[in-house]
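So the structure is just underneath, and the comments pick up after that.
The values are calculated or read from the model by the stated rules, or taken from the named source; none is laboratory data. Since this is a predicted model, take the numbers as computed values, not measurements. Cβ atoms come from the backbone with ideal geometry, glycine included; neighbour counts cover every protein chain shown.
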Amino acid sequence: MTADTYDSQAASEIVERFGNRPEMLVQILLAFMDRFGWISEQAIRQLADELNLSRADVHGVVSFYHDLRTTPPARHAVKVCQAEACQAMGCRGLTSHAEKTLGVAMNAGNESVTLEPVYCLGLCACSPAVMVDGKPYGRVDPARFDALVAPFAGDG
Amino acid sequence: MAAVRIYVPRETAAVSVGADEVALAIARQAKETGTAIELVRNGSWGATWLEPLIEVAVGDKRIAYGNVTPADVPDLFKAGLLSGGKHDKRLGPVNEIPWLIDQDRWAFWRCGLIDPLSLADFRAHQGFKALEKAFEIGPDAVITAVADSGLRGRGGAGFPTGIKWRTVADTPADQKYIAANADEGDSGTFSDRMLMEGDPFGLIESMAIAGYAVGANRGYFYLRSEYPLTKLVFSRALDLAREAGWLGRNIQGSGFDFDIELHLGAGSYVCGEETAMLESLEGKKGIVRYKPPVPAIEGLFGKPTVVNNVVTLTSVPNILNLGAERHAAYGVNRSKGTLAFQLSGNIRRGGLVEKAFGITLRELIEDFGGGTASGRQVKAVQVGGPLGAYLPAEQLDTPLDYEAFIAIGAMIGHGGIVVFDDTVNMAQQARFAMEFCAIESCGKCTPCRIGSTRGVEVIDRMIAGEDREANYDLLVELCDTMEGASLCAMGGMTPFPVRSVLKYFAEDFSSAVGA
C-alpha cells in the first residue's frame, strides 16, 4: 500500500462511523490502519480538523502506540514474540533464523516484508510464537517458520 | 441417525497450532464418507499441551482426542472416531482427564464445555442466573456478597473487589462506568483471552452485575489488539446479547439499562495499568495518572468507575449462584478463592490450571506441568509477568498466596508462571526487564523513563565485566529509585525481576556472553 491509497472521503466516513467523537480517536486510528495500512500526515491533518483536536494531539497519540505506523507497510508483516515465555523456548534463536530466512534485520524490512518484535501474543503455553500477516502461530521451530513464510520469503 | 456432535476449539492457542485445519479436515472427511456431523467450535479447556484437543459426543460422554493433526483425521474416522473408537490419540472422556479434573474450576467452569456463541447453551448452563438473582436481591446485597466472598482483583494488584464496588456505589455522580480490563499484556498469561473466547456471555453477565451493583449503565471493554480472534468472538457475543435483550434498555424487564462498548488497544503494555487504560479509553495517549484520586472516585471521563480485570468479573456469578461462603472456603489466609495459574514457557504440560490459592509452585510445575519441556533442570521461574521476580528452584515450595509472595519480594500478579531451564542466562533476563521497561514506559515519570535506559547500560557494563562491584551498587541504587519514585507499577516493579537476579543468580553476570 502506498500514500496514493489514502482517500479522504473514506476517511471521513470512518470518522462519522465513530460519531465524530474525539474520545474514539484511538479506535478511529485503528480503523485507518485497517483501511489504509498506515497513518499519513494527511490523515493526521484531516483527523485533527474533523475531531476538533490539535495536530499535536493527534500526532502524540499516533506516535505513542506501537500498532500505529507512520510509514507505508510492506506487503507482509512478520512478528516474532520476544517476551519471556518465548525466550524460555528459544525465541532469540528463532529471531536470528527469521532474520536469515527473510533477509531483513529485526525492526527492519524491505518492500516485501517487515520483521518486528511483539511483546506477547498470549501463546505462552505453546511458545515460541509468531504472527504472520495478523495470524498467530504457536510451537514454531525453524522448519515451521520457513513453511509459514515460504509464500513470500525471498521476494524482497 | 442423528448427526454426531464433534467439538473442535476455536480458541487462539488451539487455532495457532492447527485447530482450524483440523476442523476443515473433519468436515471434509465427513462429507466424503457421507456422515452427518454437527461441528461445534467450543472454547478451550485450557490443556494447551493437548491442543488441538477434539471431542466426540458419545451417549452422555465427550470422548477426547489430543494433539490431533489434519493428517490424523482420515485415520481417526477409520478407527471409529464417531463412536469414540480406539486410537493412539484417544484420551478418554474429557471429564476424566486427571490434569483437568484435579482443578478447582470457579471462573472457568464453562470454558470448553459450551458453545461460546450459543445463548441457548449458555442459558442451559446457569447463564444469566446470577444476573437474575442480582435483580432479585438488590444492589446492596450483591456488593455485600462480593465483599464477604473475599474476592480480590485478579489483574495483579489483589485489591478487595467488594471495597472497590462499594466505593463506586457510594460516590454520588450522574454517570458511573464499568471498565473491564482485558489488556492482558503480561508474558506468560492468557487466562483473560481463554475466558473471553470460551465464555463471552459469562463475561457480559458479570459486567452487567457489576453495573447493576454500583449503579452504572455503561460498560467499556478494553481489549488488547494482539487478540484478533477474541475481538471477533466477543463482538459477536455482544451483538447476540443485545439482540436477545440481555444488553440495552430495560434488560429483561428489570428496569435496568446497561450496554457495553468494545475498545481495542494499540499495542501498548502500559495501557494495562488502570489509569493508562482509562486515558486510552478516552482516546488519548496511554499515560498513567496520578493517584489519588482513585478511579473508583474519579475514573473514566472523571466519573466513578469500577476497573476490574476480566477474571475478577467472571468470578462474581458463582459467588451469587453458589454463595460467598463457598468462594471464601477456597484458598488460604487473605487469598480467597481460586486463581487461573498459567503454566508456560519451558514446560512439558503447559496450559491453564485454575486452582485454589495455597497450592505450591512445585505442585503446579511438577504435578500439573510435568517439569520442563526440554527435560532439563528448572533454573528459574518468573511469576506474575515481566514485573515479577525470578525465583530459583529452592523457592518452589512457596505457597501461592498474595502475602507469602510479597514476603519473598515477589508477586503473584495475574497468575502467569514462566519456567526456564538451566540453559538460561539470568543476567540477560535482568537486562531484558530493564529493556522492556524502556520500550514500554509511558514516559511520564523520570525514574521509569530514564531509569530503565540507564539500567540497561549498567547491566551491559556488568556483563562486560567493567568494574562489576561499583556497577552492582549503582544498579541497586537505581532499583531503589525506580521502586520508590515511579508513578505506577511499570517503573515501580521493574526492579523486582532485576533484584531477584542479583540476589539468586549473581554468578550469571560473569558468564553472560553479550546480550
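I want to confirm something. Restricting to the stretch B:295-354 and keeping residues that are in a helix (DSSP H, G or I) and polar (S, T, N, Q), which single residue is surrounded by the fewest Cβ atoms within 10 Å (Cβ to Cβ)? Steps first, please.
So in the stretch B:295-354, the residues in a helix (DSSP H, G or I) come out as B:300-302, B:310-314, B:316-322, B:324-329.
Pick out the ones that are also polar (S, T, N, Q) and you get B:312, B:314, B:318, B:321.
Working: B:312: 26, B:314: 30, B:318: 23, B:321: 12.
In this case the residue turns out to be B:321.
All of B:455, B:465, B:451 fail the test of being part of a loop (DSSP other than H, G, I, E, B), touching a residue at least 12 places away in the same chain (Cβ under 8 Å) and among the small types (Gly, Ala, Ser), apart from B:465.
Against the test of being surrounded by 24 or more Cβ atoms within 10 Å (Cβ to Cβ) and either within 14 Å of chain A (Cβ to nearest Cβ) or not β-branched (Val, Ile, Thr) (or both), the options B:479, B:488, B:437, B:445 yield a single qualifying residue, B:437.
Among the residues making up the stretch A:139-149, a single one is away from chain B (no Cβ under 12 Å), within 20 Å of the chain's Cα centre (by Cα) and of a type in the set (A, V, I, L, M): A:149.
Here residue B:283 meets each of (1) in contact with a helix residue (DSSP H, G or I) (Cβ under 9 Å, 6 or more places away or on another chain); (2) farther than 19 Å from residue B:157 by Cβ; (3) assigned to a helix (DSSP H, G or I) with one exception, condition (3). Number of residues in the stretch B:479-515 that are among the hydrophobic types (A, V, I, L, M, F, W, C), in a helix (DSSP H, G or I) and within 27 Å of residue A:91 (Cβ to Cβ): the value is 10. Here residue B:114 meets the list (1) touching a helix residue (DSSP H, G or I) at 6+ places or on another chain (Cβ under 6 Å); (2) over 26 Å from residue B:414 (Cα atoms) almost entirely, failing just condition (2).
For the stretch B:140-180, the set of residues classified as touching a helix residue (DSSP H, G or I) at 6+ places or on another chain (Cβ under 6 Å) and on the phi > 0 side of the Ramachandran plot consists of B:150, B:158, listed by residue number.
For the stretch B:158-254, which helices (runs of 4 or more DSSP H) that fit wholly inside it have 1 or more residues that are among the aliphatic types (A, V, I, L, M) and more than 14 Å from every other protein chain (Cβ to nearest Cβ)?
In the stretch B:158-254, the matching helices (runs of 4 or more DSSP H) lie at B:161-170, B:200-214, B:228-243.
Exactly one residue out of A:19, A:60 is outside any helix (DSSP H, G or I) and free of Cβ contacts under 8 Å to residues at least 12 places away in the same chain, and it is A:19. For residue A:33, the conditions (1) part of a helix (DSSP H, G or I); (2) on the phi > 0 side of the Ramachandran plot are fulfilled apart from (2). When residue B:147 is tested against the conditions (1) surrounded by fewer than 15 Cβ atoms within 10 Å (Cβ to Cβ); (2) assigned by TED's automatic domain parsing to the domain that holds residue B:302; (3) touching a strand residue (DSSP E or B) at 6+ places or on another chain (Cβ under 8 Å), the lone failure is (1).
Under the condition of being of a type in the set (Val, Ile, Thr) and in contact with a helix residue (DSSP H, G or I) (Cβ under 6 Å, 6 or more places away or on another chain), which residue from the stretch B:316-354 is farthest from the other protein chains (Cβ to nearest Cβ)?
B:319
Go through the stretch A:1-27 and give me each residue that's among the hydrophobic types (A, V, I, L, M, F, W, C) and under 15 Å from residue A:70 (Cα atoms).
A:1, A:3, A:26
Output yes when any residue across the stretch A:41-59 is in contact with a Phe, Trp or Tyr (Cβ under 8 Å, 6 or more places away or on another chain), surrounded by fewer than 16 Cβ atoms within 10 Å (Cβ to Cβ) and more than 8 Å from chain B (Cβ to nearest Cβ), and no when none is. Checked the stretch A:41-59: at least one residue is in contact with a Phe, Trp or Tyr (Cβ under 8 Å, 6 or more places away or on another chain), surrounded by fewer than 16 Cβ atoms within 10 Å (Cβ to Cβ) and more than 8 Å from chain B (Cβ to nearest Cβ). Counting only strands (runs of 3 or more DSSP E) wholly contained in the stretch A:71-138, the ones carrying 2 or more residues that are crowded, with 24+ Cβ neighbours inside 10 Å, outside the structural domain of residue A:34 (by TED's automatic domain parsing) and within 16 Å of the chain's Cα centre (by Cα) occupy A:76-81, A:113-118.
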